[in-house]
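Notes follow the structure.
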Amino acid sequence: MSTDQNKFQAIISHCKEYGFVFQSSEIYDGLSAVYDYGQYGSELKKNIKDYWWKSMTQLHENIVGIDAAIFMHPTTWKASGHVDNFSDPMIDNKDSKKRYRVDHLIEGYAETLPQADGDALLARMDELLKENDFAGLKTLIEENKIKCSVSGTVNWTDVRQFNLMFSTQLGSVTDEASEIYLRPETAQGIFVNFLNVQKTGRMKIPFGIAQIGKAFRNEIVARQFIFRMREFEQMEMQFFIRPGSQKEWYEKWKEERMQWHLSLGTDPSKYRFKDHVKLAHYADAAVDIEFDFPMGFKEVEGIHSRTDFDLSQHQLYSKKKIQYFDTEINQNYVPYVIETSIGLDRMFLLVICNAYEEQDLSTPEKPDSRVVLKLPAKLAPVKLAIFPLTKKDGLPELARELMNSCMPAFHCFYEEKDAIGKRYRRQDAIGTPFCVTIDHQTKEDGTVTIRYRDSMEQERVPMADVKQLVMNKIF
Ligand code: GAP
């Protein structure tokens, strides 16, 4: 059995062994903080995306989706403040040359202290971060004798800001004017399309625009598997509202997003809200939804009250009027925005961590164990596995009949090889909620054995009922 400390390592190994997540370019020793999703990982990821997309767009009459390009006009990032402000305070150790994000360095040290001391240290760090007091942060690190994990010394540089955006060149001419950025958030693709969507969709405030897409950040401290990546995906929604109503909508979206997380059946005690101490340059209020990962409570989603900052900035830089005429109050205004922003990869990690279980099934007669992913059925990569008991006596033909009827409706998996017990275990490890075995009795009375992943219970049901039974659980 894994202890809490090595559970995370076990999950990472499991993700690789069962085709969920691979290190990018592994045959060349990998690329740091970049990952590929394998055959089951890409299915699980897509199911999470679909679940979010449906809950945002299909289930909200006033939210529509878009798919904006990753490349945007470079002025976008000047207007949004990312060129000047999208940076983290960093510090280098002069001996090892290793660079740290200041908050990560201090947080790592705080975890080694007794609770009260650690909390006091973090409270002081929060104050200094809020005031952008870089000299104070350096003094805090030195006073606490926080060491570099590589050199073991406290020989630190001054604290400096480091911009997280990746840049590249558009076209063949290399000059400053052709420099563009890989978007560090998907949100700006929504802001610059505000008028397009509002006008063509005849949208009335309050309304939202949702988007799922890649984002890129040159994270300095990229670790903890897919928790912090350099290329990742975001699922963001910008909700446009009347100025002055932001507090009410902020609370509403906080509640709604938490309910979305809980709708997947997760234990509520594994979630908590954490208010931001240091607000991003665009926000007047912000909160994180944190999840209890094996490495502790960490952010999975942010809800931000972005004021009219982004639309006003784009209005200023583009010199185009970006306003809304509110017929109810007969006024023109730049709408305010509440944003919900969740990392798809982080949600994937959350779902896997929450589902992963190592179970000891030993009896006095026989040692036994299994690893099971108790994924919500609607997110599982494979919904139904179909096994003929043997490769002969017409059983594969019957199993294929069931496959053919279920495949158009949901993802199925067919297997004839190995003992049934082994086949069940393989499906447990990828989180398949239902397995069906076709045996000789099927030929006689048309019934099959359905086996439930979590309870491992089995029952006989008519083969003709299987498709509907699975459908009832996954929609
Ligand atoms: N548009 C607002 C925004 O981007 P953020 O808090 O910087 O806000 C939102 O990011 C979410 O994106 C985070 O809650 C997290 O889930 C995810 N995210 C941010 N950086 C990430 C990274 N380097 N790797 C994976 N996910 C990341």
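The values are calculated or read from the model by the stated rules, or taken from the named source; none is laboratory data. This structure is a prediction, so every number in the text was calculated from the model and none was measured. In this analysis, Cβ positions are derived from the backbone assuming ideal geometry, glycine residues included, and neighbour counts consider all displayed protein chains. These accessible areas exclude ligands, DNA and RNA; they are computed on the full protein's heavy atoms, side chains included. Shrake-Rupley method; radii C 1.70, N 1.55, O 1.52, S 1.80 Å.
How much FRET efficiency would the formula 1/(1 + (r/R0)^6) give for ASP36 and ASN218, where r is the Cβ-Cβ distance and R0 is 25 Å, rounded to 0.05?
Here the calculated transfer efficiency is 0.85.
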### Summary
Counting only DSSP loop positions in the range 188-224, the trypsin sites (Lys or Arg not before Pro) whose Cβ has at most 10 other Cβ atoms within 10 Å are ARG202
### Query
Each residue of the range 360-376 in turn: what ³J(HN,Hα) in whole Hz from Karplus with 6.51, -1.76, 1.60 and θ = phi - 60°, glycine and Pro shown as x?
8, 10, 4, 10, x, 7, 8, x, 7, 7, 8, 10, 10, 9, 8, 6, x
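222 nm [θ] for the chain, helices only, -39500 (n - 2.57) per DSSP H run of 4+, per residue, to 500?
Estimated from H runs of four or more residues: -10000 deg cm²/dmol.
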### Message
Ranking request for peptides 456-469, 394-407: highest mean number of other beta-carbon atoms within 10 Å first, then the rest in descending order.
### Response
394-407, 456-469
### Task
Just check the range 18-121 against the gyration tensor rule for me: Cα atoms, a ≥ b ≥ c as the square roots of the eigenvalues, rounded for a/c under 1.5, and otherwise prolate or oblate depending on whether a/b exceeds b/c.
prolate
### Task
Determine which residues of the range 68-97 fall in the zone a paramagnetic label at LEU170 would reach in this model, i.e. backbone nitrogen under 17 Å from the point 7 Å along Cα→Cβ.
68-83
### Task
Can you check what the net charge comes to around GLU248, using other residues whose Cβ is under 13 Å from the Cβ of GLU248 (Lys, Arg +1; Asp, Glu -1)?
+1
### Query
Do any trypsin sites (Lys or Arg not before Pro) in the range 144-173 lie in a loop, going by DSSP, with at most 14 other beta-carbon atoms within 10 Å of their beta carbon, and if so which?
LYS145
### Degrees, to the nearest 10: 344-355 long Cα axis against longest axis of the chain
40
### Query
So between TRP53 and ASN196, what do we pick up on full extension, going 0.36 nm a residue minus the alpha carbon distance?
49.4 nm
### In order through the range 20-25: 3J(HN,Hα) via Karplus (6.51 cos²θ - 1.76 cosθ + 1.60), integer Hz, x for Gly, Pro
8, 9, 10, 5, 5, 6
### Task
Compute the accessible area per residue over the chain, keeping the other protein chains in place, probe 1.4 Å, unit Å².
48
### Message
If each residue of separation counts as 0.36 nm, what is the full-extension length gain between ASP67 and VAL150 once their alpha-carbon separation is subtracted?
### Response
25.6 nm
### Task
Using per-residue counts of other Cβ atoms within 10 Å, averaged over each peptide, order 380-389, 31-40, 320-329 from highest down.
380-389, 31-40, 320-329
### Query
Does the range 109-206 come out rounded, prolate or oblate, given a ≥ b ≥ c as the square roots of the eigenvalues of its C-alpha gyration tensor, rounded meaning a/c under 1.5 and, failing that, prolate meaning a/b above b/c?
oblate
### In nm, spacing of pseudo-spin labels at GLU256 and GLU415 (7 Å Cα→C-beta vector)
4.1
## Note on the structure
Other residues with Cβ under 13 Å from the Cβ of MET407 give, with Lys and Arg +1 and Asp and Glu -1, a net charge of +2
#### Entry: Whole-Hz ³J(HN,Hα) from phi, Karplus 6.51 cos²θ - 1.76 cosθ + 1.60, for the range 127-133, glycine and proline x
4, 5, 5, 4, 8, 6, 8
### Task
Would you mind checking LYS383/LYS422; LYS7/LYS422; LYS49/LYS378; LYS78/LYS204 for any pair whose Cα atoms are more than 20 angstrom apart?
LYS7/LYS422; LYS78/LYS204
#### Entry: Shape category assigned to the range 384-475 from the gyration tensor of Cα positions, a/c cut at 1.5
rounded
#### Entry: Rounded tilt (10° steps) of 134-143 against the dominant C-alpha axis of the chain
60
### Query
So which of LYS45/LYS252; LYS298/LYS321; LYS145/LYS254 end up more than 30 Å apart, counting from Cα to Cα?
LYS298/LYS321; LYS145/LYS254
### Task
Quickly work out the ASP326-to-GLU459 label distance, labels modelled 7 Å from Cα along the C-beta direction, and quote it in nm with one decimal.
5.4
#### Entry: Residues listed by number, the range 385-420, amide nitrogen under 15 Å from GLU444 label point at 7 Å toward C-beta
none
### Query
Within the accessible area of the chain, what % is carbon and sulfur when the probe is 1.4 Å and the other protein chains stay in place?
50
### Task
Provide the net charge surrounding LYS467, with neighbours chosen by a C-beta distance below 12 Å and charges set as Lys +1, Arg +1, Asp -1, Glu -1.
0
### Paramagnetic reach from LYS98 (point 7 Å along Cα→Cβ, amide N under 13 Å) across the range 209-246
221-223
